[in-house]
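A.B. asks: What follows is a structure written as structure tokens; I'll ask about it next.
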Amino acid sequence: MSDLPPRHWKPGKPHQSEPPAFNRPAVALLRVLLVDNLASWRAKMKSWITEIGAKADDVLEASTGDEALELIAHEQFNVDAIVAEFDDESVNASELLAQIRSKKETAQIGFVAMCGNDPAAIREARSSGANEVLVKPVTVVTLLSALSAIQRTLKPRTDDTRRRLQEAASQRPQSTKMSSTIAQELRAAGKLGKYSKLGAVIAAGPFLNRLYWVEQGTIFVRETRADGTVVEYRATPGRFFGEAAFVGEKLLDLRAVTETPLTILGWQEAEAVAQTMQRLPILTHYFKTITTERHRNNTVGDMPDESAMDGMNGSLESLPFPDLIQMIGVTKKTGTLRVDSAGDSALLHVYGGIVKHAECGNRQGDSVLFRICTWAGGRFSFSPQPDLQGPHTVMGDAGFVIMEGLRRRDAGTPPDT
């Protein structure tokens, strides 16, 4: 038999335990963040809320106040109500409440404080700005009553409103950098490896059940997913890779290659990752965001077939960048050369086989050629354009510039210096 209160209840005497009737569909639309250091208790509260029709993805979890603040920012402040254990120092909910009340983006979030039967704690919660205070033991009736009271003070979100919010959030860049809290948790149980050779292969198929992150250096990563999709990206200090396997995305292959002479890599085995994810529910949200963003922005597509245009295309693995430039120089053709690698894209202008312009993001000239020399993988496509016109930012001989880039790469000098 369900613990939920009846759908239709008429107000009666104050001592009755059932809450006043409320608009269940409206309450079910709330995005609720549960903050408690006990995963089992969060799971219980989540089941109560989803039973009235809330989507599981709209009931978020955090184990501490600090983690809750990270998650709120990560979710683009799209949280309606927080339910938090208030008198446990390890949760630090009082500081969480003070933080959300002090910021414009979060000041209107409803806050439900769960306290023991201690008048001082109850007064502190109310004076700190809690909308509702629940005295333990908390039941499904008291929890839903508190959320109902908060819902009545908020403008209910329709499915259309939620869709527009999600679409707007999807257009904003998401951070894939490890937070300090998560970094500390992972490093506590993780292992470190040091790689002193540029081009070292440090991850492959047998290690698909590991989670990796970069402590120092840069790593080129290529992952092949179960649907055949190939995703390439670049991992820099503080970034994860291999996280897709922990949010339901099966990986068929994972290849990582160092792009710096000194690279320090951290990793953790699957069992330890699962335990950390249970302690820190925010990890699941980070991993889902990272995996989705990489699929959207770094999926490798087939290079265009330009044979009819007398062009050429291929991979940097089969034809390294210095050899590619030498080959183009021999042909003495004019056109554009595009080089793509792990989300980075460089465009070069070639006149009679001579590279005269190079750009990548906000960089131009020799520094772009230096940068491409450090890329461990990627694809290129050359398009003949006899009437090409444009700026000249590469002033010297591209061959000599590339040789200097290779020297800097082997010496560990940053490509932009």
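What follows draws every value from the coordinates through simple rules; no lab data is involved. Since we're looking at a predicted model, the values are computed, not measured. Neighbour counts are summed over all protein chains in view; Cβ atoms, including those assigned to glycine, are modelled from backbone coordinates with ideal geometry.
A.B. asks: Karplus couplings for segment 231-238 from phi (6.51 cos²θ - 1.76 cosθ + 1.60, θ = phi - 60°), rounded to Hz, Gly and Pro as x?
C.D. replies: 10, 10, 7, 10, 9, 10, x, x
A.B. asks: Explain nothing, just compute: Karplus ³J(HN,Hα) = 6.51 cos²θ - 1.76 cosθ + 1.60, θ = phi - 60°, for every residue of segment 282-296 in order, whole Hz, x for Gly and Pro.
C.D. replies: So the Karplus estimates, Gly and Pro as x, are 4, 4, 4, 5, 4, 5, 4, 5, 4, 4, 5, 4, 5, 5, 6 Hz.
A.B. asks: Would you kindly state how much longer the chain becomes between V330 and E75 on full extension, computed as 0.36 nm times their sequence separation minus their alpha carbon distance, in nm to one decimal?
C.D. replies: 86.5 nm
A.B. asks: Could you give me the ³J(HN,Hα) list for segment 256-273, computed from phi with Karplus coefficients 6.51, -1.76, 1.60 and θ = phi - 60°, whole Hz, x at Gly and Pro?
C.D. replies: For segment 256-273, the Karplus curve yields 10, 9, 6, 10, 9, x, 10, 10, 10, 10, x, 8, 9, 6, 4, 4, 5, 4 Hz.
A.B. asks: Under a crude label model (7 Å from the Cα following the beta-carbon direction), how far is F400 from T139 in nanometres?
C.D. replies: With each label placed 7 Å out from Cα toward Cβ, I get 8.6 nm.
A.B. asks: Starting from the Cα of L319, step 7 Å along the direction of its Cβ; do the same at I354; then give the gap between the two resulting points in nm.
C.D. replies: Each label point is offset 7 Å from its Cα along the Cβ direction, giving 2.2 nm.
A.B. asks: While we're on this one: Taking amide H atoms as placed 1.01 Å from N in the peptide plane, list the residues 5 or more away in sequence, or in a different chain, whose amide H sits under 5 Å from that of Q76.
C.D. replies: When sequence neighbours closer than 5 places are left aside, there are no close amide H contacts.
A.B. asks: Further question: Could you tell me which of the pairs K55/K250; K194/K250; K332/K356; K46/K103 are separated by over 18 angstrom between their Cα atoms in the structure shown?
C.D. replies: K55/K250; K194/K250; K46/K103
A.B. asks: What nm distance separates the two modelled labels at T292 and T153, each placed 7 Å from Cα along Cα→Cβ?
C.D. replies: 2.9 nm
A.B. asks: Using 0.36 nm per residue of separation minus the Cα-Cα distance, give me the extension gain between N209 and K250 in nm, one decimal.
C.D. replies: The span from N209 to K250 would gain 13.8 nm if fully extended.
A.B. asks: Starting from the Cα gyration tensor of segment 19-155, take the square roots of the eigenvalues, sort them a ≥ b ≥ c, and report rounded, prolate or oblate (rounded when a/c is under 1.5, otherwise prolate if a/b is larger than b/c, else oblate).
C.D. replies: Taking the square roots of the gyration eigenvalues as a ≥ b ≥ c, segment 19-155 is rounded.
A.B. asks: Another question about this same structure. Mind checking the full-extension length gain between K197 and N117? Use 0.36 nm per residue of separation minus the Cα-Cα distance, one decimal, nm.
C.D. replies: 22.6 nm
A.B. asks: Also, I was wondering about something else. What order, most packed first, do the peptides 23-34, 393-404 have when packing is the mean number of other Cβ atoms within 10 Å of each residue?
C.D. replies: Top of the packing list down: 23-34, 393-404.
A.B. asks: Could you list which residues have their amide H under 5 Å from that of L252, counting only those 5 or more apart in sequence or on another chain, with H placed in the peptide plane?
C.D. replies: Those qualifying (amide H under 5 Å, at least 5 residues apart or on another chain) are T224, R225, A226.
A.B. asks: Here is a follow-up. Only loop residues by DSSP count here, and only those with at most 15 other Cβ atoms within 10 Å; note down the GluC sites (Glu not before Pro) in segment 23-95 that meet that.
C.D. replies: Here the GluC sites (Glu not before Pro) that fit, given the DSSP loop and packing criteria, are E89.
A.B. asks: Assuming a ≥ b ≥ c are the square roots of the Cα gyration tensor eigenvalues, decide whether segment 180-298 counts as rounded (a/c under 1.5), prolate (otherwise, with a/b larger than b/c) or oblate.
C.D. replies: oblate
A.B. asks: Moving on to the next point. For K197, K288, what ranking results if the residue with the fewest other Cβ atoms within 10 Å of its Cβ goes first?
C.D. replies: K197, K288
A.B. asks: Now for a different question. Mind ranking 337-343, 320-326 by how tightly packed they are, going by the mean number of other C-beta atoms within 10 angstrom, highest first?
C.D. replies: In decreasing order of mean packing, 337-343, 320-326 become 337-343, 320-326.
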